[in-house]
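What follows is a short report on a single structure.
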Ligand code: DGL
């Protein structure tokens, strides 16, 4: 057993959707979250840069004694997880677009995937899509601009609605019945997406699956926190922390939120 924190990182605020699922499942665990907002978005960067940024985040989390690291970013996972697993000995959990359940459950045989360019261009995404959705029509759409608006706290803006309509309309016309959110930032857009999508279209992400998987790996390595120590929830961003505070303000747990350099 270990009282050390679970480390979580994302290119910015998107991974907070994964943090929430982790917290709901394991409220007794300490967690340390890194929002690399200074370098967001990752999705339009070359793979070599994404790997470098991921290593910087990993090094920081490991210096703080994290017992496991959750890469709460599809772009980072699909571009860097293999290298990270080769470079570090701590267990590393990733997140990929939930294309498998969408393809399995689709009745129309058409599923939409909204993700970053970096995720859609990765060989890991191509492999997963070929494995689980080869007899399905998969409409891939990159979400250029969405992460920037979310990082700026502009989820409700007209510009956001306009971009979402532009990205979703071709999928709606093609008859999707599942929309896979292949970027952790997009989970914060559910209300806006629901406004645009027909009622019968289901929106899915992988947050709960990642939380369950993380718990099972902690169990397997006997790393769960079974002690009496009160857990601490720490959130670091390398950009102005006010937007992060806003994102977390509705959450009742006690938290430390700070801007630091990493
Ligand atoms: N949250 C990241 C993801 O899941 C955002 C990507 C980005 O920074 O472009 O892909």
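Using the alpha-carbon positions of region 200-246, Rg (one decimal) and Dmax (whole number) come out as 16.2, 46 Å. Between residue 126 and residue 251, the modelled labels are 3.6 nm apart [label points 7 Å from Cα along Cα→Cβ].
Using only Cα atoms and rounding to the nearest 10 degrees, what angle (0 to 90) does helix 158-174 make with the longest principal axis of the chain? Roughly 60 degrees, rounded to the nearest 10. Here the translational diffusion coefficient of the chain follows from Stokes-Einstein with Rh set to the Kirkwood radius across Cα pairs; for 37 °C and 0.692 mPa s it amounts to 177 µm²/s.
Mind pulling the per residue volume of the convex hull built on the Cα atoms of region 145-233? Å³ is fine. Could you put the intermediate results ahead of the total?
Numbers: hull volume 12.5 nm³, N = 89.
Hull volume over Cα atoms, normalised by residue count, gives 141 Å³.
The overall shape of region 129-175 is oblate: from the C-alpha gyration tensor, with semi-axes ordered a ≥ b ≥ c, the ratio a/c is 1.5 or greater and a/b is no larger than b/c.
In this simple spin-label approximation, residue 166 and residue 242 carry label points 7 Å from Cα along the Cα→Cβ vector, and these lie 2.8 nm apart. Tell me, what is the percent relative contact order of the chain, built from C-alpha pairs under 8 Å that lie six or more residues apart? Here the relative contact order equals 27 percent. Using just the C-alpha positions of region 34-167 as equal point scatterers, what log10 of I(q)/I(0) does the Debye formula give at each q in 0.12 1/Å? With no solvent term, the Cα-only Debye profile gives -0.54. Taking a point 7 Å out from the Cα of residue 222 in the direction of its Cβ, the residues of region 33-69 whose backbone N falls within less than 18 Å of it are 67-68. Distance between the 7 Å Cα→Cβ label points at residue 88 and residue 64: 1.1 nm.
Once the piece of chain linking residue 38 and residue 4 is laid out straight, how much longer is it, given 0.36 nm per residue of separation minus the C-alpha distance between them? Provide the component values of the computation, followed by the final result.
Values: separation 34, 0.36 × 34 = 12.24 nm, distance 2.64 nm.
Length gained, residue 38 through residue 4: 9.6 nm.
Oblate is the label for region 113-262, because a/c, from the alpha-carbon gyration tensor with a ≥ b ≥ c as root eigenvalues, is 1.5 or above and a/b does not exceed b/c.
Rule-based calculations on the coordinates, nothing more; no lab input. If you're wondering where the values come from, they're calculated on a predicted model, not measured in any experiment. All Cβ positions, even for glycine, are placed from backbone atoms using ideal geometry, and neighbour counts span all protein chains on display.
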